[in-house]
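A.B. asks: To start, I am sharing the structure in question, which I have written as structure tokens.
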Amino acid sequence: GAVVSQHPSRVICKSGTSVKIECRSLDFQATTMFWYRQFPKQSLMLMATSNEGSKATYEQGVEKDKFLINHASLTLSTLTVTSAHPEDSSFYICSARDRGTGFNYSPLHFGNGTRLTVT
Amino acid sequence: AQSVTQPDIHITVSEGASLELRCNYSYGATPYLFWYVQSPGQGLQLLLKYFSGDTLVQGIKGFEAEFKRSQSSFNLRKPSVHWSDAAEYFCAVGPHSGAGSYQLTFGKGTKLSVIP
């Protein structure tokens, strides 16, 4: 089945530094990838939609200058948390849609998430 | 605006017992409906989906869900729960249209605990 690889699975960084999270579709091409943030005991909150070759679309309240998204190829999207602060500590999950299976019948495939801890 | 409600935050069942997880949605048209499962520290795995047709859909791991338009519900069921089913379960709704970015709206999840 379709596999989405997310790396790293865990990262600890110091306040003020930047962290890059990668999301790769291993066996399919993903025109669109999504980035979610999940707080403890909460649901997934969509942060932004990443489209290959164009600028990401951010949800209301998400700082685009803080959460930089790059979708340079059909198999890779990256999320960079810039100047991280402790309140950015969270579980970040990416997902991708297989462009090859048709829009209306293609479910999302999720990565295993990245646990970010900012000290 | 679309929304998904999972009324039960935490459910505990005995192994071998039947299970039903509730999901209600609010949507302006016929939605696409999904159930995902998340193990601790992991991403989400698709259990099943409903697009159209038969309102009773079968998924992986012995799960099934029934779409009831009149009740705006899409409850997840399993006749006999296994200890390995302990996880967090999320119901999600997505747009029916082919346009747009195909975003999903998730419920807050139901944590399932299984007693041996």
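A.B. asks: I'd like the residue in region B:36-50 that is in contact (Cβ under 8 Å) with a residue 24 or more places away in the chain and over 26 Å from B:SER26 (Cβ atoms) and, out of all such residues, is surrounded by the fewest Cβ atoms within 10 Å (Cβ to Cβ).
C.D. replies: B:PRO40
A.B. asks: Kindly provide the set of residues from region A:1-32 that are among the basic types (Lys, Arg) and not in a strand (DSSP E or B), ordered by number. Reasoning before the result, please.
C.D. replies: Of the residues in region A:1-32, the ones among the basic types (Lys, Arg) are A:10, A:14, A:20, A:24.
Once the filter is applied, which keeps residues that are among the basic types (Lys, Arg) and not in a strand (DSSP E or B), region A:1-32 yields only A:LYS14.
A.B. asks: Next up: Looking only at region A:11-30, decide whether some residue is within 12 Å of the chain's Cα centre (by Cα) and within 9 Å of chain B (Cβ to nearest Cβ).
C.D. replies: No, region A:11-30 contains no residue that is within 12 Å of the chain's Cα centre (by Cα) and within 9 Å of chain B (Cβ to nearest Cβ).
A.B. asks: For region B:51-96, please list each of the strands (runs of 3 or more DSSP E) lying entirely inside it that holds at least 1 residues being free of Cβ contacts under 8 Å to residues at least 24 places away in the same chain. Write out each step before concluding.
C.D. replies: Working: elements: B:56-58, B:64-68, B:73-78, B:87-94.
The strands (runs of 3 or more DSSP E) meeting that bar are B:56-58, B:64-68.
A.B. asks: If I filter region A:97-113 for residues that are over 21 Å from B:TRP35 (Cβ atoms) and surrounded by 19 or more Cβ atoms within 10 Å (Cβ to Cβ), do I get at least one hit?
C.D. replies: For region A:97-113, residues over 21 Å from B:TRP35 (Cβ atoms) and surrounded by 19 or more Cβ atoms within 10 Å (Cβ to Cβ): absent.
The rows are residues; the columns are (1) touching a Cys at 6+ places or on another chain (Cβ under 8 Å); (2) in contact (Cβ under 8 Å) with a residue 60 or more places away in the chain; (3) loosely packed, with under 12 Cβ neighbours inside 10 Å.
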site: A:ALA2; (1), (2), (3): no, yes, no
site: A:SER5; (1), (2), (3): yes, yes, no
site: A:ARG10; (1), (2), (3): no, yes, yes
site: A:GLY16; (1), (2), (3): no, yes, yes
site: A:PHE34; (1), (2), (3): yes, yes, no
site: A:MET47; (1), (2), (3): no, no, no
site: A:SER54; (1), (2), (3): no, no, yes
site: A:THR75; (1), (2), (3): no, no, no
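A.B. asks: A further question follows. Being away from every other protein chain (no Cβ under 11 Å), surrounded by 14 or more Cβ atoms within 10 Å (Cβ to Cβ) and of a type in the set (Gly, Ala, Ser) is true for just one of B:SER72, B:SER80, B:SER84. Which residue is that?
C.D. replies: None of the others qualify; the one that does is B:SER72.
A.B. asks: Quick one: which of A:SER50, A:SER77, A:SER106 is over 22 Å from B:LEU48 (Cα atoms), modelled with pLDDT under 90 and of a type in the set (Ser, Thr, Tyr)?
C.D. replies: Just one listed residue meets the conditions, A:SER50.
A.B. asks: Same structure, new question: Got a number for residues in region B:51-69 being of a type outside the set (A, V, I, L, M, F, W, C), within 12 Å of chain A (Cβ to nearest Cβ) and either touching a Lys or Arg at 6+ places or on another chain (Cβ under 9 Å) or surrounded by 11 or more Cβ atoms within 10 Å (Cβ to Cβ) (or both)?
C.D. replies: The qualifying residues number 2.
The values are calculated or read from the model by the stated rules, or taken from the named source; none is laboratory data. It should be emphasised that the depicted structure is a prediction, and the values quoted were computed from it without experimental measurement. Note that we place each Cβ from the backbone using ideal geometry, even for glycine, and neighbour counts take in every protein chain shown.
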